[in-house]
């Protein structure tokens with residue numbers, strides 16, 4: 001694996017698959033999502049009026065990616081990074097830092113359009129597949 005997909009990238013792929021299809025094909029077998037991202041996608045589906053359609057899209061996505069669980073190694077990295085950032089007065093949303101911790105632990109590049117929230121996390125590699 002090389003890439004951990006953030007929620008916004010997964011959502012964009014599910015809404016407009018043609019936009020990101022070339023990236024998914026180019027990196028087949030190298031894509032993962034965090035269990036935290038998966039939780040965010042499920043939360044979005046269950047609040048939507050077309051729940052079953054979105055659950056089907058999530059099931060399709062899961063066929064294309066590997067799920068990386070937020071485990072004890074991720075928890076420790078989360079604590080180290082959050083503690084370090086807090087001493088500098090920097091705040092990162094909890095779910096974003098959990099996702100980033102998985103990318104750091106598994107040495108993956110995080111693919112997101114939301115680079116703003118991730119920009120202060122040391123050692124995190126970012127790529128944006130949505131920007132024009």
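The values are calculated or read from the model by the stated rules, or taken from the named source; none is laboratory data. Since the model is a prediction, treat every value here as computed from it, not as a measurement. Quick reminder, even Gly has a Cβ in these numbers, built from the backbone with ideal geometry, and neighbours come from all protein chains shown.
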Checklist outcome for this item: The lone condition residue 77 fails out of (1) surrounded by 13 or more Cβ atoms within 10 Å (Cβ to Cβ); (2) under 20 Å from residue 27 (Cα atoms); (3) more than 13 Å from the chain's Cα centre (by Cα) is (2)
Checklist outcome for this item: Residue count, segment 2-24, condition assigned to a helix (DSSP H, G or I) and in contact (Cβ under 8 Å) with a residue 12 or more places away in the chain, comes to 12
Checklist entry - Being surrounded by 13 or more Cβ atoms within 10 Å (Cβ to Cβ), at pLDDT 95 or above and closer than 29 Å to residue 23 by Cα, is that true of even one residue in segment 80-87? => result no
Checklist entry - If you take the residues of segment 93-104 that are touching a helix residue (DSSP H, G or I) at 6+ places or on another chain (Cβ under 7 Å) and surrounded by fewer than 19 Cβ atoms within 10 Å (Cβ to Cβ), which of them is nearest to residue 74 (Cα to Cα)? => result 95
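Tell me, yes or no, whether segment 39-52 has at least one residue that is farther than 18 Å from residue 15 by Cα, at pLDDT 95 or above and surrounded by 13 or more Cβ atoms within 10 Å (Cβ to Cβ).
Filtering segment 39-52 for residues farther than 18 Å from residue 15 by Cα gives none.
There is no residue in segment 39-52 that is farther than 18 Å from residue 15 by Cα, at pLDDT 95 or above and surrounded by 13 or more Cβ atoms within 10 Å (Cβ to Cβ).
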Next on the checklist: Please go through (1) within 28 Å of residue 18 (Cα to Cα); (2) touching a residue at least 40 places away in the same chain (Cβ under 8 Å); (3) in contact with a helix residue (DSSP H, G or I) (Cβ under 7 Å, 6 or more places away or on another chain) for residue 108 and return the number of the only condition it doesn't satisfy.
Outcome noted: (3)
